Amino acid sequence: MLPKIIKAFNAFFEDESWAGTFDEVTVGKIARKTEDYRGAGMAAAIKVDMGYEMPEISINLKEYNSKLIKAWGECETDGVLLRLMAGAKTDGPGCKTDRIEIVLRGRPNDIDFGSWKPGEMTDSKMMFCPAYFKLSINGEELIELDPVNMIENVGGLDRYEKLRTAIGI
């Protein structure tokens, strides 16, 4: 059995393809936010769930993009749509291919314009801070994080549904 390796990927900024204009995407980590708790009668502290931390997405661009630069001024926390698509293929039996999709809503946090040298590619880097994150593989929604609307859906289970009901939203 051989792993499925990302063989191709693309990004869509507000549904406009960035094919050919960037060469690397770093999808940051999602992390469980915890705090130590040791109550009376407990032998040791345990980590209690205090929510989650959203990932930061980094894209290494090969050109200056005026739409992206203007998006840096977006005032809404979820005002910009960014969609990442990848094809992961195995060289094993059947040459199976998975479609990986990450949908993000947020805004650029910073843009590093890089350095300029005549006759050399310019690397600029954008950091995107999402207020919404959804990961799907082959159409199956695996993780959906929407902190503003108090949603944490993992594998089809909405972990905050009962809390939303409890507080009347």
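Based on alpha-carbon positions alone, could you give the equivalent ellipsoid semi-axes of segment 34-74 from the gyration tensor, as √(5λ), descending, whole Å?
Its equivalent ellipsoid spans semi-axes of 46, 11, 5 Å.
Provide 116, 18, 72 in ascending order of the number of other Cβ atoms located within 10 Å of each residue's Cβ, fewest first.
By the 10 Å Cβ count, ascending: 116, 72, 18.
Please compute the modelled spin-label separation between residue 74 and residue 125, points set 7 Å along Cα→Cβ, answer in nm with one decimal.
That separation, rounded to one decimal, is 2.1 nm.
For log10 I(q)/I(0) by the Debye sum over Cα atoms at q = 0.08, 0.12, 0.13 Å⁻¹, one of [x] -0.22, -0.51, -0.61; [y] -0.30, -0.63, -0.72; [z] -0.34, -0.69, -0.79 was computed from the structure I shared and the rest are decoys. Which label?
Step by step, log10 I(q)/I(0) by the Debye sum over Cα atoms at q = 0.08, 0.12, 0.13 Å⁻¹ for this structure corresponds to label [z].
Where does each of 54, 1, 126 land when they are ranked from fewest to most other beta-carbon atoms within 10 angstrom?
1, 54, 126
Exposure proxy check: 160, 64 ranked by fewest other beta carbons within 10 Å?
64, 160
So between residue 16 and residue 35, what do we pick up on full extension, going 0.36 nm a residue minus the alpha carbon distance?
2.8 nm is the gain from fully extending residue 16 to residue 35.
Do you know the relative contact order of the chain, to the nearest whole percent, from alpha carbon pairs under 8 angstrom that are 6+ apart?
Rounded, it is 21 percent for the chain.
Only the coordinates and a few stated rules stand behind these numbers; no lab work does. Small disclaimer: the values here were computed from a predicted structure and weren't measured. Ideal geometry is used to build each Cβ from the backbone, glycine not excepted, and the neighbour counts take in all protein chains shown.
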